[in-house]
Amino acid sequence: MPANVKASTGYSIKIRKGLVARLGLEILRLSEEEYHEIALITDEKVSGLYLQQVIMNVKECPKPEGTKLRICELLIKSHEDSKNFGTIAKLLEDMASLGLSKNCVVVALGGGVVCDAAGFAAAVYMGGVRLVLVPTTLAAMVKASAGNLARVNLSAGENLAGMPYAPSLVLCDTECLRTLPDDEYRSGLAEALKTAVVSGEEMFRIFERGTASENIERVIEECIKFRAEIADNEARMKGLKLGCVVGSAIGALSGYGIQHGLATAQGIGITARASAKMKWCSEETSQRIINTLERNNLPCVCTEFKASEIAKTAVKSGGRIIDMIVPCEIGRCEVKHVKAEELESIISLGMSR
């Protein structure tokens, strides 16, 4: 069933098939201006799939008499390491050279890299312009309610620079999921599964039964609703960092060659095993998480790197005390303050089956 969700900051999130084809109508609804400027930001992958279709649909959609549209296309690289201030600076310079005004609308059409980079650019261009997010990957759709924070990477790690900035609208067109490569789809599924572990039994059982893909619109909706509900609850929000200490280190070690969600899945599996051995959770809880990762064709252990490498990388970006989010039971996570020198041994526990 089509779904509309209200984020905590008031913007609408729409989830259904065919929304990309309605983009023009949705943008026109944002204001009653006669002249509309649209900065359409996408990447080289998505542009080949949707760019011309989107431009045609926007230009040909029904408009009030006298309405004029100007569409400017801006391309960025889709790789995670391009989500940096160099990319933001180029976007801002391009927007300025095109003469885009304070009344323009930035439309982000793509995955998480595009949505974050475009969001950051929209937040700072002329002190802030309107933003419409059109996530085309499952991971970006699952995180749609987090659209009120624009983030970029620093050399020290992922998403370390960010600023609050809410979009005017988020459109999740599930038809876009058909074009995703398998690794990218599974990466998004891992992000949804992580949310399910933190959320509780109702959502987790969808994954435990292996039926998430058959119920993907409901999964996206439930993930967004949960994230929106806990947006002002710092303790619950921290739970969404489950697996991230290990997963972020794995991603960095791979040069971001391993999809972010798949690295996180490895981190969740390793953290769940270690948690049972450290008596932070029961063996049953740990095994349920491991089994559910496997049932959804997600990795639950890292074979590419050693525990010492992962720990060293995590410590480099985390300092002497590492805040490690661990599962206590389905629906409840805790923060464990781990000394840097203890991290390798904990990861080692999680690496062994």
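Read-outs: derived from the displayed coordinates by stated rules, not from any lab. The model shown is predicted, which means the values in this text are computed figures rather than measured ones. We place every Cβ from the backbone using ideal geometry, glycine too, and count neighbours over all the protein chains shown.
A few points about this structure:
- Residues in segment 239-267 that are outside any loop (DSSP other than H, G, I, E, B) and of a type in the set (S, T, N, Q): SER248, THR264, GLN266.
- Lone unmet requirement of (1) under 15 Å from VAL142 (Cβ atoms); (2) part of a helix (DSSP H, G or I) for ILE270: (1)
- Selected residue (criterion: farthest from VAL170 (Cα to Cα)) from residues of segment 23-44 that are in contact (Cβ under 8 Å) with a residue 40 or more places away in the chain and of a type in the set (D, E, K, R): GLU33
- Flag: ALA150 does not match the condition of being in contact with a Gly (Cβ under 9 Å, 6 or more places away or on another chain), part of a helix (DSSP H, G or I) and crowded, with 16+ Cβ neighbours inside 10 Å.
- Top-ranked residue of segment 319-333 - restricted to ones that are part of a strand (DSSP E or B) and more than 22 Å from the chain's Cα centre (by Cα), ranked as surrounded by the fewest Cβ atoms within 10 Å (Cβ to Cβ): ILE321
- Residues located in segment 89-114, provided they are touching a residue at least 60 places away in the same chain (Cβ under 8 Å) and either assigned to a loop (DSSP other than H, G, I, E, B) or β-branched (Val, Ile, Thr) (or both): LEU100, SER101, ASN103, CYS104, VAL105, VAL106, VAL107, GLY111, VAL113, VAL114
- Test: residue in segment 242-257 that is within 14 Å of the chain's Cα centre (by Cα) and surrounded by fewer than 22 Cβ atoms within 10 Å (Cβ to Cβ): no
- Meets criteria (under 26 Å from the mean Cα position of the chain (by Cα) and part of a loop (DSSP other than H, G, I, E, B)) for SER78: yes
- Only listed residue being within 23 Å of TYR50 (Cβ to Cβ), in contact (Cβ under 8 Å) with a residue 40 or more places away in the chain, of a type in the set (A, V, I, L, M) and surrounded by 24 or more Cβ atoms within 10 Å (Cβ to Cβ), chosen from LEU138, LEU133: LEU138
Yes or no, residue by residue, for (1) under 23 Å from the mean Cα position of the chain (by Cα); (2) assigned to a helix (DSSP H, G or I):
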| residue | (1), (2) |
| --- | --- |
| GLY18 | yes, no |
| ILE41 | yes, no |
| LEU51 | yes, yes |
| VAL58 | no, yes |
| PRO62 | no, no |
| GLU65 | no, no |
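- In the set (1) on the phi > 0 side of the Ramachandran plot; (2) charged (D, E, K, R); (3) in a helix (DSSP H, G or I), LYS316 fails one condition alone, (1).
- Taken over segment 273-309, the residue count meeting the criterion of being part of a loop (DSSP other than H, G, I, E, B), without any contact (Cβ under 8 Å) to a residue 40 or more places away in the chain and within 26 Å of the chain's Cα centre (by Cα) is 3.
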